[in-house]
1. Anything in segment 201-247 that is in contact (Cβ under 8 Å) with a residue 12 or more places away in the chain, farther than 26 Å from residue 157 by Cα and out of contact with any helix residue (DSSP H, G or I) (no Cβ under 8 Å at 6 or more places or on another chain)? List them, or say none.
2. Of all residues in segment 485-510, count the ones that are part of a loop (DSSP other than H, G, I, E, B), under 21 Å from residue 86 (Cα atoms) and free of Cβ contacts under 8 Å to residues at least 40 places away in the same chain.
3. How many residues are touching a helix residue (DSSP H, G or I) at 6+ places or on another chain (Cβ under 9 Å) and farther than 14 Å from residue 70 by Cα if we restrict to segment 21-52?
4. Considering segment 444-460 alone, what residues qualify as being touching a strand residue (DSSP E or B) at 6+ places or on another chain (Cβ under 7 Å) and either at positive phi or outside any loop (DSSP other than H, G, I, E, B) (or both)?
5. Based on what the data block shows, is residue 157 within 23 Å of the chain's Cα centre (by Cα), at pLDDT 95 or above and closer than 23 Å to residue 6 by Cα?
6. Kindly indicate whether any position in segment 234-244 is on the phi > 0 side of the Ramachandran plot, surrounded by fewer than 20 Cβ atoms within 10 Å (Cβ to Cβ) and either at pLDDT 95 or above or assigned by TED's automatic domain parsing to the domain that holds residue 11 (or both).
7. Inside segment 403-422, can you point out the residues that are touching a residue at least 60 places away in the same chain (Cβ under 8 Å) and within 24 Å of the chain's Cα centre (by Cα)?
């Protein structure tokens, strides 16, 4: 099936149900279907076809999502562009993915001269929230274009994380999406038409979460704000069943003074992913939101659900006095093979740390126009995630750290996430990042960069003492810096590369 086929199933079964909602106004599946027909026919009239690329440069917005569906209906490849990125990064992405048509929101209109100057392949720009868009749509046929099935066509060109370098174009096919949707339904069966709150950017995990829900008449609520209080209120107001959030956003919700004021009984899955989460804050979140916390592990190259940690598994870990299991990302998902591997390509036994590698229909077709990077990521016939992990005897997978983030101090390997987990447990710590900095004696010294909760206080000495008590002197930070806000990517990942740069300027460490 194509990505658009899941939407069409929802439209066939629930034509009068809202597909898109902006908090005050809704658009039914029947309404949106007609709009996708017109967008698709408009793109075909412009000369685009299978394999052509189109993008949507917009914050989360109902019309932006409808354009995404219209793009894939035309058999054109969608190139996601995150509105929260810096303009220069998005210019790189637009060029790197050979985008020809750009839909954009009026809030980015001032960028158009720079986009046209820098992106020579873009030959048409269309504003999605002006009367001209409605006029353009009205001029297009309202019938679906007849296109062949194309399971191995690229549905969208995701961008790799870009936390360690330039983002690469990740080719995700219709078959990849079918595998991802199938795993989603196996792990999170949909028993009634869902309501999905789109808080994080629709260009990343939040958007991917919406695809399997379309087939069941899911309503996508688009938030016009990232204000924690507004998000909490929206869950109650719209009776939200599904929402994806990075851990950093969950921390912000938990710190909100009104977090226990609202009714969250409609929630079925509060999905957290993209970064490690504090076990202490996870326990607090379960207490606040109920037994609905759901973790998935994946990446742009292997869509979202390589592992799955169910709400029931969370509860079992707490009730069974296995609190340490909450640091895992769950068990290997159906339709996925996942192992740990050493640098020589040897599959490691359970309990031994190595790079997490995966196989299966979930894995990308390859990097766009980058055969060398594709070959490197596919060494030994497995997709290499770049994450160091371990699988325990019960089959639970633990992400130890990013391979490139490991600190070698005095000949000992220190995994930052292990230290961060301890520091997160301090009542004054909102978030933190542990990095290696140059040191004449140790080669690298462990440094913690800490973001405190509003109004809270802590000293470097007490945080170092806490880490020494729990982990010993080798892994404990040698120094602590306090920072107002950690640098984060547009999808909420802490940018350790940015934190390391000033310490390693002129030094040899690859950052």
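1. 229, 233, 234, 235, 236, 238, 239, 241
2. Number of matching residues: 2.
3. So the answer is 7.
4. Scanning segment 444-460 gives 444, 445, 446, 447, 448, 449, 450, 451, 452, 460.
5. In short, yes.
6. yes
7. 404, 405, 416, 417, 420, 421
Yes/no per residue for (1) assigned to a strand (DSSP E or B); (2) touching a residue at least 40 places away in the same chain (Cβ under 8 Å); (3) surrounded by 24 or more Cβ atoms within 10 Å (Cβ to Cβ):
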site: 266; (1), (2), (3): no, yes, no
site: 284; (1), (2), (3): no, no, no
site: 298; (1), (2), (3): yes, yes, yes
site: 308; (1), (2), (3): yes, yes, yes
site: 312; (1), (2), (3): no, no, no
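The values are calculated or read from the model by the stated rules, or taken from the named source; none is laboratory data. Just so it is clear, the structure is predicted and the values come from calculations on it, not from any experiment. Cβ sites come from the backbone with ideal geometry, for glycine too, and all protein chains shown count toward neighbours.
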